[in-house]
Amino acid sequence: MTALNDILTTHDRKKFAVTHGIKMHIRLQRVIIDGDRTCGDPELVSLIRQNPSLLQFFAKNSQTEVSIAGVINTRFISRRIDRLIVNHRNKTIAILDYKTDIDCDAFRDKYVAQLREYATLLHAIYPDYKITAHILWTHDFSLENIPIKPL
């Protein structure tokens, strides 16, 4: 019986994590910070403003929930980027992916692979642009730069 309880507990934890992650994504996608003019959840706006490196990702020129698709190594990939900034003047692209995990290392390899796929798909569209990738850890609103090269 203990094994069944462990499975249910694990199932419940996963369900909570998925539900929390979906809710956080929805809240974050509604945030826009344009100087004193803001839209979105005031609590999130406050947390974002506490880390100036995050502000660019929530500016009015950022894009949210950007769909992207293509072929990588003969495999069709379809993804959605949480936040994207394309700067045509500087030929740069910045990717931001939200992660709600508390243990930043638990799925790091999976997340880096995901960001590498994003970068690869974007590189096919913008071959001359420098691409950077970042994770926003929502448990403490820290921003992590992920060194990335397209596949």
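The values are calculated or read from the model by the stated rules, or taken from the named source; none is laboratory data. All figures in this text were calculated on a predicted structure; none of them were measured in a lab. So basically every Cβ, Gly included, is an ideal-geometry build from the backbone, and we count neighbours across all protein chains shown. Just so you know, the surface numbers come from the protein's heavy atoms only, side chains and all, with ligands and any DNA or RNA stripped out. Shrake-Rupley method; radii C 1.70, N 1.55, O 1.52, S 1.80 Å.
Side notes on the structure shown:
- Residue 14 meets each of the listed conditions (1) open to solvent by 70 Å² or more (accessible area, probe 1.4 Å); (2) in a strand (DSSP E or B) apart from (2).
- Residues located in the range 40-50, provided they are outside any loop (DSSP other than H, G, I, E, B) and either open to solvent by 70 Å² or more (accessible area, probe 1.4 Å) or in contact with an Asp or Glu (Cβ under 7 Å, 6 or more places away or on another chain) (or both): 42, 43, 49
- Taking the range 118-133 as the range and being open to solvent by 30 Å² or more (accessible area, probe 1.4 Å), outside any helix (DSSP H, G or I) and not polar (S, T, N, Q) as the test, the residues that pass are 126, 127, 128, 129, 130.
- For the range 82-92, taking the residues that are among the charged types (D, E, K, R) and touching a strand residue (DSSP E or B) at 6+ places or on another chain (Cβ under 7 Å), the one that is most open to solvent (accessible area, probe 1.4 Å) is identified as 91.
Residue by residue, here is whether (1) surrounded by fewer than 15 Cβ atoms within 10 Å (Cβ to Cβ); (2) touching a residue at least 12 places away in the same chain (Cβ under 8 Å); (3) assigned to a strand (DSSP E or B); (4) out of contact with any Ser or Thr (no Cβ under 9 Å at 6 or more places or on another chain) holds:
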{"residue": "38", "(1), (2), (3), (4)": "no, no, yes, yes"}
{"residue": "56", "(1), (2), (3), (4)": "no, yes, no, no"}
{"residue": "60", "(1), (2), (3), (4)": "yes, yes, no, yes"}
{"residue": "66", "(1), (2), (3), (4)": "no, yes, yes, yes"}
{"residue": "76", "(1), (2), (3), (4)": "yes, no, yes, yes"}
{"residue": "80", "(1), (2), (3), (4)": "yes, yes, yes, no"}
{"residue": "94", "(1), (2), (3), (4)": "no, yes, yes, no"}
{"residue": "101", "(1), (2), (3), (4)": "no, yes, no, no"}
{"residue": "116", "(1), (2), (3), (4)": "no, yes, no, yes"}
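- One residue alone among 109, 105 is assigned to a loop (DSSP other than H, G, I, E, B) and either within 20 Å of residue 140 (Cα to Cα) or open to solvent by 70 Å² or more (accessible area, probe 1.4 Å) (or both), and that residue is 105.
- Of all the criteria given as (1) farther than 16 Å from residue 138 by Cβ; (2) touching a Leu at 6+ places or on another chain (Cβ under 7 Å); (3) at pLDDT 95 or above, the one not satisfied by residue 122 is (2).
- For residue 50, the test of being at pLDDT 95 or above and of a type outside the set (Lys, Arg) is failed.
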